[in-house]
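The structure appears below as structure tokens.
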Amino acid sequence: MSPRAYQAGERRQLATEATRSKIIEAARAVLADPQSTGFSVDAIAERADVARMTVYYQFKSKGKLLEAVFDDFGARANMKDLAKAFRDSDARRGMQTLVEVFCHLWQSQATLLRKLNALSVLDPEVNAALAERGSWRREAITTLLGRVAVDSESGDLIDVLLVLTDFDAYNFLSSRHKHKKIVATLQGAVRTLLDARN
């Protein structure tokens, strides 16, 4: 490959990444806008100042765009810190880290998540995308719980841990408590649950 062709390919790649970032920022802006009542590709394309087909070209569907928005949430909230939970030799301490990491995600992206939760009632694609991300949290909890000595009937425990680590639980507590208090409260509840199962 000639240097000129390589440089052209590199420029194209940079332009594609810039367009993707611009669309994700527009999606965030649409979610943050109190006047916005939906999450449509048209609204996002208009906000990003790109053609509707450009959004589809970059993301293929609204669902895939939502996945990219969730990835952006995770990057902004340092979700990579979740790896510490799995590296910890003490799985109970790992569960405490999991609670802290998700609480940070819920705190840092609260405004947008409230809007997405409201939209999910009326928009099946938003609802499906949120459910898919929720399944990742279930998988993380299940993996960590598998390393903690609990009784064999752990399905209901996983469900309760999902409720405790869900945005709705954090959002409810945030109306009465500061972030640090919420983290400590949820970590204490998780600890109590795990201790009760031994």
### Task
List the equivalent ellipsoid semi-axes of the range 83-172 in whole Å, largest first, each obtained as the square root of 5λ for an eigenvalue λ of the Cα gyration tensor.
26, 15, 10
### Task
Could you work out how far helix 179-196 tilts from the main Cα principal axis of the chain, as a 0 to 90 degree angle to the nearest 10?
50 degrees
## Note on the structure
On each of the three principal axes the extent of the alpha-carbon atoms of the range 84-131, given in whole Å and largest first, is 43, 19, 12
### Query
Mind checking the angle between helix 62-76 and the chain's longest principal axis? C-alpha axes, 0 to 90 degrees, to the nearest 10.
60 degrees
### Message
Given a 1.4 angstrom probe, what's the average accessible area per residue across the chain, in square angstrom?
### Response
57 Å²
### Task
For the chain, with a Gaussian network of springs between Cα atoms less than 10 Å apart, report the residue from SER36, SER108, SER175 with the top mean-square fluctuation.
SER175
### Query
What lysines could a cross-link reach from LYS60, if we take a straight Cα to Cα line under 19 Å and drop same-chain neighbours fewer than 8 places away?
LYS22
### Query
What residue among THR19, VAL55, LEU194 has its Cα farthest toward the positive end of the dipole of the chain, where the charges are +1 on Lys, Arg and -1 on Asp, Glu, each on the Cβ?
THR19
### Message
What's the magnitude of the charge dipole for the chain around its Cα centre, counting Lys and Arg as +1 and Asp and Glu as -1 at the beta-carbon? Answer in Debye, nearest 20.
### Response
600 debye
#### Entry: Cα pair distances exceeding 21 angstrom across the range 48-198, given as percent
49 percent
### Query
So, in Å, what gap is there between the alpha-carbon centers of the range 85-136 and the range 38-75?
20 Å
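The values are calculated or read from the model by the stated rules, or taken from the named source; none is laboratory data. This is a predicted model, so every value here is computed, not measured. Ideal geometry is used to build each Cβ from the backbone, glycine not excepted, and the neighbour counts take in all protein chains shown. The accessibility values were calculated without ligands, DNA or RNA, using every heavy atom of the protein model including side chains. Shrake-Rupley method; radii C 1.70, N 1.55, O 1.52, S 1.80 Å.
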